[in-house]
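The values are calculated or read from the model by the stated rules, or taken from the named source; none is laboratory data. Keep in mind it's a predicted model, so treat the numbers as computed, not measured. Neighbour counts are summed over all protein chains in view; Cβ atoms, including those assigned to glycine, are modelled from backbone coordinates with ideal geometry.
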Amino acid sequence: MTTVEQLTGTGEHAGRGVAATVAVFGVDWPAYKLHALVAGVLVVALVFAFGGTGILAGWLAAGVAAVVWWGGRVVLRPRWDDSGRDHHARS
């Protein structure tokens with residue numbers, strides 16, 4: 001018989017994976033998602049403030065938002081998160 005055990009965070013990576021959440025219209029979002037959106041809006045504002053084009057603003061905002069989003073996700077994810085993928089019961 002195969003069982004799935006979930007770690008309770010009592011190892012060397014105990015503090016990792018605890019993400020702050022922000023309520024957006026009553027739904028809890030991880031804070032890194034909100035940070036990515038704010039970073040994208042700030043990049044658009046800065047590009048337009050310095051006389052850039054809309055295409056440049058869009059590309060730079062998308063790039064910055066993606067880096068902040070995925071960077072925050074990687075930093076805050078649990079250390080060992082693949083037990084659910086590897087130990088599903090096969091039908």
**OP:** Hey, can you tell me all the residues within region 1-19 that are surrounded by 10 or more Cβ atoms within 10 Å (Cβ to Cβ) and modelled with pLDDT of 50 or more?
**Re:** 16, 17, 19
Subject >> Pick from region 47-91, criterion assigned to a loop (DSSP other than H, G, I, E, B) and of a type in the set (D, E, K, R), ranking: modelled with the lowest pLDDT >> reply: 81
